[in-house]
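See below for the structure under consideration.
The values are calculated or read from the model by the stated rules, or taken from the named source; none is laboratory data. Nothing here was measured: the structure is a model prediction, and the numbers come from that model. Here the Cβ positions follow ideal geometry from the backbone for every residue, glycine too, while neighbour counts run over all protein chains shown. Heavy atoms of the whole protein, side chains included, go into the accessibility calculation; ligands, DNA and RNA do not. Shrake-Rupley method; radii C 1.70, N 1.55, O 1.52, S 1.80 Å.
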Amino acid sequence: QVQLVESGGGLVQAGGSLRLSCASSGITFSNYVMSWFRQAPGKEREFVAGISWVSNNGYYGNSVKGRFTISRDNAKNTVSLQMNSLKPEDTAVYYCAADNSPAIRFAAPNYDYWGQGTQVTVSS
């Protein structure tokens, strides 16, 4: 049984930082692209950041570039998202997702597995 479990969400003031983590089980983690998406009320699910198993380079959505950093630990089967300089518009449910692909893809339907999500709220 595949499980992706996110943690680390919460309430933070604008300008603050949070670190999200996602622990995976039931998949060969090192064979999957791991990404973070987010979804705010009334909006579509948005690609935030992804990291390939081919290279450890991250790729970021334009709205978070320069503020967020994605990393993965293949030995621990975890992926993390360090979020700095948070803004109220970053408020959303953040989801961890796994894609059995050699390349990072930005569309949510491409992803095979999803976590349950963790709420991030940034107050102004």
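Can Gly58 be described as at pLDDT 95 or above, open to solvent by 30 Å² or more (accessible area, probe 1.4 Å) and not charged (D, E, K, R)?
No.
Please determine, by comparing only the residues of the stretch 94-115 that are at pLDDT below 95 and among the small types (Gly, Ala, Ser), which one is surrounded by the fewest Cβ atoms within 10 Å (Cβ to Cβ).
This residue is Ala103.
Limited to the stretch 74-93, what total is found for residues that are buried (at least 18 other Cβ atoms within 10 Å of the Cβ) and not β-branched (Val, Ile, Thr)?
Here the count works out to 7.
What number of residues within the stretch 1-24 are open to solvent by 60 Å² or more (accessible area, probe 1.4 Å) and either under 22 Å from Ile104 (Cα atoms) or basic (Lys, Arg) (or both)?
Going through the stretch 1-24 one residue at a time, the tally reaches 3.
Mind listing whichever residues of the stretch 95-124 are in contact with a Leu (Cβ under 9 Å, 6 or more places away or on another chain) and either closer than 16 Å to Gln13 by Cα or part of a loop (DSSP other than H, G, I, E, B) (or both)?
Within the stretch 95-124, Gly115, Gln116, Gln119, Val120, Thr121, Val122, Ser123 meet the criteria.
Any idea which of (1) more than 13 Å from Gly117 (Cβ to Cβ); (2) open to solvent by 30 Å² or more (accessible area, probe 1.4 Å); (3) hydrophobic (A, V, I, L, M, F, W, C); (4) out of contact with any Ser or Thr (no Cβ under 7 Å at 6 or more places or on another chain) is the one Ile27 doesn't satisfy?
(2)
In the stretch 30-52, how many residues are surrounded by 24 or more Cβ atoms within 10 Å (Cβ to Cβ) and among the small types (Gly, Ala, Ser)?
Total satisfying the criteria: 3.
Within the stretch 61-73, how many residues turn out to be aliphatic (A, V, I, L, M) and either open to solvent by 30 Å² or more (accessible area, probe 1.4 Å) or within 20 Å of Asn31 (Cα to Cα) (or both)?
Here the count works out to 1.
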